[in-house]
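The values are calculated or read from the model by the stated rules, or taken from the named source; none is laboratory data. This is a predicted model, so every value here is computed, not measured. As a convention, Cβ positions derive from the backbone with ideal geometry for all residues, glycine included, and neighbour counts pool all protein chains shown. Remember, those area values only see protein heavy atoms, side chains included, never the ligands or the DNA or RNA. Shrake-Rupley method; radii C 1.70, N 1.55, O 1.52, S 1.80 Å.
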Amino acid sequence: MTRRSFLLCFSLTLCIYPLFVTSSTLTLPSPCNAGQYFDITSLTCMSCPSPKISSADGYSCQCPKNYTNSGSSCALCSEYQTRCLSCVVNITLGVQKDGYCGCPFNSRLVDGTTNQTCISCKDTEYPSTDRYSCTPCIDPSMRSVNNQLCACPNTTVLLGAHCVSSSDVTKYSQGTSDPYAITYNDVYNSNGGTSSSSISSSFLKDRFTYAASQCENNLDSASCEQLANMCVLNHYDKTTPACTVYNRIYQSISSQVNGEKDWKSALPWLLYSSDPTAQKLSSQYSFGNEIPFTIAQYAPNGTFLGITRLLSQFQECGRGNTPWNSFGTPYTHTCTIDLGQLIFRDDLTYFYDIYVLDNNNTLVPVPVLNLNMRQQGNLVNQGSSSYTYSRRLFIYDNVSGRQVNSATSEPSYIRYTSKIQFKVTTSPELGIIYVPIITISYYDQSTTSIQSAEPSNYNAYTPSPALPQVSYVVSYQLGDKSSAQSGLSGVLGAFLALGAVTGLYRILLWTRRNHSGRRLSALFRWIIYLLNSASTGIFVTVLAFSTAWMAMYKGQKGAILVGLPTSEIEGLLKNLIFAAAGCKIAVIFDLIWRQTETHIFFIDWEKSKGNLMSRGNEPTKSVPVSIWRTLFVANEWNEMQTMRKTSLPLTLLAQVFLLSGVGLIGFAGDVPSSPSMDRSSDPSSWMMSFGVGGSLFVAICYVQRFWSWLFVHRYIGHPLQQFIDVMSISNISAFIFSERCFGYYLHGRSVHAYSDTNMTELNENLKREEDDLTARRGLMPDTDTQVFEVYATEALREQYNHIFLYLLMQDIDARRERHEIVPLYRRNIRDVPDSKAVKAYIALKKFFTSFIDNNQVNHKYTVVEKSNLQKLTGYTPNLSRHNQTFLYEDQDGESYGDVMWWGHENQLMMMNVLVFGAAQSLGAVPIVAALAVWILEQMYNTLRNYWGEKNISQKTLVDRSPTPARYTQSFTMHKGTIALTIILLSTLLVEAADAKYGKVYLIRHGEKPADGGEGLSEAGKKRAQCLRKVFGVTSPYEIGYILAQQYKADGSRKRPYDTVKNLAADLGLEVDVSCDRDDADCVAHQIKKYHKQDNSKHVLVCWEHGRLTDIAQALDVDGKPEYPGERFDLIWTVKDGSIIDERSEGEGDTSSSNLLSSRKFRADDIDEFCALVKSRSIYREEVESVRLAGSPGLCLQTFLIRHLTSREAIATFQKLHFLDKGQLTGSAVRSRVGEGCLCK
């Protein structure tokens, strides 16, 4: 019976059973309990007979573990047998006490159906712990023989994980009393000094001899890497055994790697034999570019771990996205690391070879200046004018300090980087730098000092051995202060070369689109393309160069590394600006000429509504179709010709206001790091003035474009898409030839029967279309695509020319030969008789309607979708190989903007900026330069409108009346809307900048155990309970989001989470533990993300106190606030980049009333108070601080409640007459001091 049949029968039973049985009631059973099964006969839960248990499906019982089936009951297995399997005769040891059969030496178990047997392992293997598999010995030379598992051969000894020849042990131990010794010469003391200590390292003992032998005898790469790592751990001291062997192998190899004389084949490169600092990189850098430092990473055992970008791997504290590798940005970060957290980390010690990724993905080695490098005990890179550069470095070392025969795996010493500095030196060539130099210094520290260090015994001037400060620095210096003209020339030459190549490619596309083999036309078009590429290259180069120079010059602090541009550089740039402006003006004139020669024809799809009534013998006539819809569309098309994506008046007004009104022109002043906002000051450098003005102009334009994309085009309307909608409502399509065999088709064919109708029918049609009751508007069935790029065949264009030109030319110029095409700009179409024009219009309409319907036998087309690559490269099919036209879909519907200003916004913007800069170079102030741009733009628009309207009138054959040229208005309603929305957006941005974060409370986790173990102490647990009242539902803090640092699987770093987890449960929140302890940027990001979603509540952050400084800085707090190491009760309140309040967890919110907040205190009152607590010298600074406090009463009350017992608090308050007797009872003080909820 299937489950479905069973359920059906069961349901019927439930329905009819009450009809026949009245003495009992059947109810649906609840889930069966443990030890029960569901009996499908009685449909009830039944108990399993002991010792059986319920089966997995719950419908029967089965024998438990250690039992076997014996008929209908279960029988207990024999003693110790867990599998109830007998042992076969080849097992001589019988059943063991753990229930398994005993196997002979070096054998593994195999389970049969009723018994167990044994199979021997290979002599190079041993049985695994589960006894069912064989595991290879750790060294291939080991053998499991003579009752010894994985024993080394007789002539070898086991060192670490390898069997090493006894002769090799002797060989590599010669000349030293302890070949495994390592000396820590830089053990840091709390008084700032250093000392030395040596140990016998188990790391070297386990690895050195084997690595040295394998590298020297076999050149094994992993062994050579491991040997090199041991030499690096000894700071390259050639007297140490590891470096001695490495140098011997190095001298025996003559072949080189990549032509580097110091890099020998099969060996890692450790040292330079000459000064490498004169090498230059071939990549060009400008301000803000990332210097792509790359690291090759190796494990201590020599395993290559891969190559990756160097980001923040070296920064153990203060990790995150930092600007340290941004070219031209000096960087200094000093922070504190907790060495106690690093002692046992297995992922700490790695070795790195540093590179810079250069052109063509070339890795250029970066030299390292190790200040701890010693030769024969002497520091070679300190106090000397000549340095020895190395290649490999490490950041931390907790492996070499593990002593031989130590009872624990804990290292005796740990080595850490105290300072690492990247020094970048610029060369005379602009943007070219010398290979960077890394300077690194180390300190050593004993783990005994780390674990015994008490933070309270140290201050800022004598840091704790467990919490040393480390520094990360990136500095820049000038290598040569000569002119940057050669760099500019190189960049411009590259742009010109790129322009020439690009021009050739565009000529290929132009030839395909025009089917033209005329060399003169192609040469002229190539020159225009070259001028365009050259002007664009000059614009980008000069603007980027000027802006970068200005930014680096104004961003300097301290030493001046970048000076004001020289007169030679400024003269060169001015000439380039004038040349680029001239080229761009020529390109714009060419654009006007091409756009005003565009062929466009409007196709009216409207059909006649019937026949007119005839009179007498007059022939029947159809109801005429109105031409006004076509005239209306043509008029809309004409008004769009000079429409741009941005408003030039708004741009110029904003430009003048920001430069002259706000005073941003002051950034071109001659004082570094001090932009003068004086509106009357004149810029001292034209180049930096162009950098400010040009970048500002571009920014204003792109802000407008972004706003249009974000809001206007989405919620108000996109002009190009609106025009397509107008065409669809008017039942008009348009066929455009922007080039001979290339153009656009705009499909406006209506999906309704008629468009020439009244308002009521029009609204009904639109409503039906909105309700999806009509066909879709696209050319192809069930599509919405209405705009297409047309790649026409030569035959199609010839047919168009025959109809449009040949018929008209008969009456224009009878002297021309019959088949010759005369450009229309040389003739006036109005001279053609109306009959000829109408005949041509009707013929073209029939031709295009037949073509679009694909009814032309000789002119077929195919609709194709362009790939992203084709869109990027401007792909043009070679139509000489095809006999059909291609219509490429334009999903965005914006491609036809290329036949008007809209599609050339970048060209027009660059022309505006170049003219603005050229006017400034002649001494014009911003308002005069803006006026020059406006005048030139008006001239362009006048020419474009005049010639464009004439072209539309001639090519469409619909406008036969002499209409005056239309001029574009300065401000239309659409541009006014953009201006208004930009102003509103700017206001919102300013307000958003003023409220970047909401209120954030930073607290430390609860107290830790006295033995330094994991978790909270009893006091810490009590504090966690107390916080449930301090920040709870009824508190004034209004917590809506809680963050705690990420803890590890072993339970470490979990104190912050344990401190706030109960509070979070009370508030119905989850504690966010997604951020690592050292990732302050992650904390800031999460806070900002929360406040974007909900700014009505506040954020609580619970962290280790040593990292609260980094979190505060990530929240834009100035300076380096320090959370006291002896305190667990402080709350930092951060708002708008400042710590606005710092209080104990027991003080409550600042808005609550305080008994002493309104009392005025005399100086002698405070002196008397200070005298009373004189014996408590540890509080002296805190007591003295109330002299400067705005509310000393609150400070005194806080101090007393925090540090004195309840009786002392009452007595002191009353003695100073701060309280009358009985005003504050002992119970009230106790409730504030700690017996209640106060977290003291």
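Overview of values
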read-out	value
Residue-level accessible surface for M910, protein heavy atoms, 1.4 Å, Å²	20 Å²
Amide proton proximity set for T124, modelled H, under 5 Å, gap of 5+	S144
Whole-Hz ³J(HN,Hα) from phi, Karplus 6.51 cos²θ - 1.76 cosθ + 1.60, for region 890-899, glycine and proline x	10, 5, 7, x, 10, 5, 6, x, 5, 8
Separation of the S1052 and D1116 label points, Cα + 7 Å toward Cβ, nm	3.6 nm
I927/L498 FRET efficiency (R0 30 Å; Cβ-Cβ; nearest 0.05)	0.25
For peptides 923-932, 146-155, sequence by mean Cβ density within 10 Å, most packed first	923-932, 146-155
Heavy-atom accessible area ranking, 1.4 Å probe, most first, across D338, D353, D346	D346, D338, D353
For S195, solvent-accessible area (1.4 Å; no DNA, RNA or ligand), Å²	50 Å²
Gained length - I716 relative to V1033, 0.36 nm times residue gap less alpha-carbon distance	109.6 nm
Extended-chain gain in nm, criterion 0.36 nm per residue less alpha-carbon gap, S1138 and E1018	39.8 nm
Cβ-derived FRET efficiency at R0 51 Å, N360 paired with T774, nearest 0.05	0.30
3J(HN,Hα) from dihedral phi, region 855-870, Karplus parametrisation 6.51/-1.76/1.60, rounded to Hz, x for glycine, proline	9, 7, 5, 8, 9, 9, 9, 10, 8, 10, 9, 7, 7, 4, 5, 5
Gyration tensor (Cα) of region 849-931, equivalent ellipsoid semi-axes in angstrom	44, 14, 11
Packing-based order for 1089-1097, 640-648, 1013-1021, using average beta carbon neighbours within 10 Å, highest first	640-648, 1013-1021, 1089-1097
Net length gained if the chain between E798 and T942 were fully extended (0.36 nm per residue, minus Cα distance)	48.6 nm
Entries in K621/K839; K999/K1029; K999/K1054; K264/K419; K554/K999 that, when Cα-Cα distance is taken, lie over 27 Å	K264/K419; K554/K999
T885 long-range amide H proximity, modeled H, under 5 Å	T793, K860, Y861, T862
Sequence ranges 491-500, 227-236, ranked by mean other-Cβ count within 10 angstrom, highest first	227-236, 491-500
Label point distance in nm, K860-M759, each placed 7 Å from Cα along Cα→Cβ	4.9 nm
Whole-number D in µm² s⁻¹ for region 992-1062, Kirkwood Cα-pair radius fed into Stokes-Einstein, 37 °C, 0.692 mPa s	242 µm²/s
In nm, spacing of pseudo-spin labels at T176 and D853 (7 Å Cα→C-beta vector)	9.6 nm
